[in-house]
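The values are calculated or read from the model by the stated rules, or taken from the named source; none is laboratory data. Worth saying up front: this structure is predicted, and the values here are computed from it rather than measured. Glycine also receives a Cβ, built like all others from the backbone with ideal geometry; neighbour counts cover every protein chain displayed. Accessible surface is based on the protein model in full, side chains and every heavy atom, while ligands, DNA and RNA are left aside. Shrake-Rupley method; radii C 1.70, N 1.55, O 1.52, S 1.80 Å.
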Amino acid sequence: MKRKHKRLSFVLVAFCLLGSAAALMLTAFEENIVFFFSPTDIVEQQKGADDRRFRLGGLVEEGSVDRSGGETIAFRVTDISNFVPVQFTGILPDLFREGQGIVAEGRLVNGVFVADEVLAKHDETYMPPEVADALKKSGQWKASEPKTEY
Amino acid sequence: MIAEIGHFALVLALMVAIVQGTLPMAGAATGNQRWMAIGNHAAMAQFLLCAVSFGCLTYAFVVSDFSVMNVVQNSHSAKPMLYKVSGVWGNHEGSMLLWVLIMAIFGAAVAAFGHYLPPGLKARALSVQALVAVGFYLFILMTSNPFERVFPPAANGQDLNPLLQDPGLAFHPPFLYLGYVGFSMAFSFAIAALIEGRVDAAWARWVRPWTLAAWAFLTIGIALGSWWAYYELGWGGFWFWDPVENASFMPWLVGTALLHSCIVVEKRDTMKAWTVFLAILAFSFSLLGTFLVRSGVLTSVHAFATDPERGVFILMLLIIVIGGSLALYAWRAPQLKSTGVFQPISREGALLLNNLLMGTATAVVLLGTLYPLFIDAISNGLDKISVGPPFFNAVFIPLMVPMMVAMAIGPLLPWKRADLGRALRTLWLAGLMGIACALWALWWQDGHSPWGIVGIAAAAWLAFGAMSELAERIKLFRVPFSDAMRRLINQPRASWGMTLAHFGLALTIAGVTGAGAWRVESVQTMAPGDTVTVGGYEYRFKGAQDFTGPNYLATAAVFDVYKEGDFVVTLKPEKRVYTVRNFPTTEAGIHTLLSGDLYATVGDAKGDGSYVTRIYFNPLVVWMWIGSGFMVLGAVISLSDRRYRVGAPKRSRMTAAAAQPAE
């Protein structure tokens, strides 16, 4: 092989690799992308009604947490304007509290969001950016929301 | 007073860094020896000033000086001493101070041990190092001063985030930063080489130990971080493909590629421009990682309180450093000509394949991590998406399989021109073991995880491949046994390092596969006396009792674990509430066996003495950390190789290399 041909073969190998990686990624994106909706999106625009997994973000409504169902816990996630009932089976993250911003992942089943994952943060002053945006969109964002700095 | 000294020392360090960033560079350009020599002294001075500054902040934490804002926010007088000290870097301001300290340490190391470096290269590298540091000094002094006072002084502190009060995490940030910042050395040498327009074997021999050290530190940092997530967060997992985790993983992938391409530059005098590019990229990804963690632009489970202003500053720094260095690269790289010829089937071909795979893997992780940002920007904030573990697993795992296959073959190929069939014949045992493990996994598992079978087979192939390669090198069973043993002892340490690191990766893959594909999980409400069987082990819940720790209240549950009627161990998971912040944490009860971890956590009390409990069986998971240990051990042994020891290239060789004009 001439030097030029060798270089060409390397370029071909590189393209095959990148090409198959791109193909893998496109199919994976197709199947595994999870959208994020706020309670207002779900209630007013019927988002998430197509049985696809999505993420729901907002605040845990004060006084809504019901632990009477054994390991299944029911609560409501709100962006103040609207709320969505949520069900979760398992142990909630340590920082799950009423009034805390959370992100849950799961499906909507008969109007109830059945979560299989509730995301925990390591820091009680942290607000997931999506939750902050959802609150801003619903016009409920207040300057007194958990501040990022003391 | 102490805090003011620390602050002042930091300002002085900035001034020294400005001098170090300009004069030696100008000296190297004009041939002014005295200006070039300033670099050494400035690097030492910078290191001393940073050490003083860091020492002052540490002192403020140790004596709990609550007139310093940072101490008030992150410490408490009742906190154990270890966490008072680790609190220094357990917060944003302090961690940035640690960053510049480590940068200064690396700079001082070049000044102290770089006697054999060509003076021009050394002066320029020190200047580049200082210029990057200037950006970080400005960042600290302008947006995140750790020495800010609070008046009147607080009576007591707000305590460190309890999740961070843990031995695993106390040392996680320093190692991670040693890795991140370690790549700044390769970066500085790459920029210096671009300015000089010359990259040769001596350059590669210089960059390699720094890269290897940085890579080893980063490996320790990532392993500690995943270990911490595994036992502290109580989710039974160790890796979530979270943006913050990916941020540390990308420099690791690029660093791995850089390690391998340096070898090609050194031995074959080719792939030069590519290696310089990788050196720039490795540090760029370190900076990107810092930006992602510090700016909070992405939703991360590991995110801490962030400040947009800081994010913008780091973004600017990122654009200047990465943009500037890539522009310089585009301008100067065409001058770096290679002489070596290249056959596809050869050692260098295999190393190139490593680079291609590592590069592709990095691109995948980068796109997956940043994709939500693109969508957010394109849709004007209307569409928000997240890309989680299913995506990364679907793309990353298929990429790793050819990687593992090639990794066993590559070291068997000689330089220049190799015979693939011969290499494959040496690997008959590895192939056999791979098939055997696949069959065993097929028989043992429930039959729902094809990737589990592939992963175990690949791990066995690589582990036995690495050992076969060693056996081949010492001619085991082909020469008398004593001769083989003598050859074994006389193997160069760099080859030992390679064998150990590759073997370690095989163990890590086995651990990841086991815990990823065959984890058993069970959530239930248990009253005292109840039993549940998970992964073949029977857990008997004995009840729970409350007790008081140094700065927390805790509920400890007690499980007796039996296997086929025989007592195995008592697990005591806890639920703690740290009183100062009223912050709950979960302490998992873990019993580690080579076959897998028994893992129990306890949740909410149900009032009648019963608790929600979550129990896992995580097969093979401990192998992941044993494997990481092997990789680090390999790096350390390789670093002790006389040929690569920092400053080792002999003077005669260096002058010979320096005398040759750039090709």
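Bridgeable aspartates and glutamates around residue A:136 (alpha carbons under 18 Å apart, same-chain partners fewer than 8 residues away excluded): A:41, A:44, A:61, A:79, A:145, B:307, B:376, B:383. In this entry, segment B:1-165 is assigned a mean projected area of 9.8 nm², taken as a quarter of its C-alpha convex hull surface. Neighbouring Cβ atoms from other chains, within 10 Å of the Cβ of residues in A:66-72, number 4 on average.
What whole-number distance in Å separates the alpha-carbon centres of segment B:117-145 and segment A:83-97? Between the Cα centres of segment B:117-145 and segment A:83-97 lies a distance of 47 Å.
Residues whose amide H comes within less than 5 Å of that of residue B:587, counting only those at least five positions distant or on another chain, are B:574, B:575, B:576 (H built at 1.01 Å from N in the peptide plane). Does segment B:135-198 come out rounded, prolate or oblate, given a ≥ b ≥ c as the square roots of the eigenvalues of its C-alpha gyration tensor, rounded meaning a/c under 1.5 and, failing that, prolate meaning a/b above b/c? It is oblate, given that a/c is not under 1.5 and a/b is not larger than b/c. What FRET efficiency comes out for residue B:485 versus residue A:16 if R0 is 41 angstrom and r is the Cβ-Cβ distance? Round to the nearest 0.05. Using R0 = 41 Å, I get an efficiency of 0.40.
Label positions at residue A:8 and residue B:113, each projected 7 Å from the Cα along the C-beta direction, are separated by 4.7 nm. Residues whose amide H comes within less than 5 Å of that of residue B:270, counting only those at least five positions distant or on another chain, are B:265, B:340 (H built at 1.01 Å from N in the peptide plane). Computed across the protein assembly as shown, the Kirkwood radius stands at 28.5 Å (inverse of mean 1/r, all Cα pairs).
Distance between the 7 Å Cα→Cβ label points at residue B:85 and residue B:33: 4.4 nm.
Residue by residue along B:388-400, Cβ atoms of other protein chains within 10 Å of the local Cβ number 4 on average. Distance between the C-alpha centres of segment B:388-460 and segment B:195-253: 23 Å, rounded to the whole angstrom.
Taken one residue at a time, the phi angles of segment B:383-392 give Karplus couplings (6.51, -1.76, 1.60, θ = phi - 60°) of 9, 10, 10, 9, 10, x, x, x, 4, 5 Hz. Gly and Pro are set to x. Only protein heavy atoms count here, probed at 1.4 Å, and on that basis chains A and B bury about 4800 Å² of accessible area in total. Classify chain B as rounded, prolate or oblate from the Cα gyration tensor: take a ≥ b ≥ c as the square roots of its eigenvalues, call it rounded if a/c is under 1.5, otherwise prolate when a/b beats b/c and oblate if not. Cα axes put chain B in the oblate bin. Loop-resident GluC sites (Glu not before Pro) (DSSP state other than H, G, I, E or B) in segment A:10-79 with no more than 14 further Cβ atoms inside 10 Å of their Cβ: A:62. Surface composition of chain B: carbon plus sulfur atoms contribute 67% of the solvent-accessible area (1.4 Å probe, protein chains only, all chains present). Using a cut-off of 22 Å between Cα atoms, the listed pairs B:563/B:606; B:542/B:563; B:79/B:606; B:79/B:542; B:79/B:575 include B:563/B:606; B:79/B:606; B:79/B:542 as exceeding that distance. How would segment B:143-266 be classified by its alpha-carbon gyration tensor: rounded, prolate or oblate, with rounded meaning a/c under 1.5 and the a/b versus b/c comparison settling the rest? Oblate, since a/c reaches 1.5 and b/c is not below a/b. Using the Cβ-Cβ distance between residue B:531 and residue B:451 with R0 set to 25 Å, the FRET efficiency works out to roughly 0.15.
With θ taken as phi - 60° and the Karplus curve 6.51 cos²θ - 1.76 cosθ + 1.60 applied, the whole-hertz 3J(HN,Hα) list for segment B:421-427 is x, 5, 4, 5, 4, 5, 9 Hz, x standing for glycine and proline. Here the Karplus relation 6.51 cos²θ - 1.76 cosθ + 1.60, evaluated at θ = phi - 60°, turns the backbone of segment B:50-64 into coupling constants of 5, 5, 4, 4, 5, x, 4, 5, 4, 4, 4, 6, 5, 8, 6 Hz, with x for every Gly and Pro. Of all aspartates and glutamates in the structure, those lying under 15 Å Cα to Cα from residue B:337, and not within fewer than 8 positions of it along the same chain, are B:196, B:200, B:266, B:269, B:663. Per-residue mean of foreign Cβ neighbours for B:357-366 is 3 (Cβ atoms of other chains, 10 Å radius). Computed over protein heavy atoms with a 1.4 Å probe, the accessible surface of segment B:158-248 works out to 19 Å² per residue. For the residue pairs B:272/B:475; B:84/B:572; A:47/B:384, alpha carbon separations beyond 24 Å are given by B:272/B:475; B:84/B:572.
Taking amide H as placed 1.01 Å from N in the peptide plane, residue A:103 has its amide H under 5 Å from the amide H of A:119, each at least 5 places away in sequence or on another chain.
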